[in-house]
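Below: one structure, written as structure tokens.
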Amino acid sequence: HSRQNFRAYVNQIRLERSMQFLRDLRYNVTDVAGLCGFSDVQYFIRCFHQRFGLTPGQYRQRLQD
């Protein structure tokens, strides 16, 4: 129904969830990746950047500005 493959769908949900964790400064990017089910931090950063146009660090920085 979503017109995307299963992996893309799961990653979409994980990335949306990661935005909530990134708002909480208790978690670093590595922690957020793990909490959202990404075992490879670099893959998480790459997926986040492709989806939102920012790295997780840039996203967090924009929240603080």
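The values are calculated or read from the model by the stated rules, or taken from the named source; none is laboratory data. All values derive from a computational prediction rather than experimental measurement. Cβ placement follows ideal geometry from the backbone for every residue including glycine, while neighbour counts extend to all protein chains displayed. Just so you know, the surface numbers come from the protein's heavy atoms only, side chains and all, with ligands and any DNA or RNA stripped out. Shrake-Rupley method; radii C 1.70, N 1.55, O 1.52, S 1.80 Å.
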Of all residues in segment 7-50, how many are at pLDDT 95 or above, more than 20 Å from Leu63 (Cβ to Cβ) and among the aliphatic types (A, V, I, L, M)?
-> 1
Every residue from segment 47-65 that is among the charged types (D, E, K, R) and under 9 Å from the mean Cα position of the chain (by Cα) = Arg51
How do the pairs read when you match residues in segment 18-39 that are in contact (Cβ under 8 Å) with a residue 40 or more places away in the chain with residues anywhere that are open to solvent by 80 Å² or more (accessible area, probe 1.4 Å) and outside any loop (DSSP other than H, G, I, E, B), using Cβ under 7 Å and keeping only pairs 6 or more apart or on different chains?
-> Arg23/Leu63
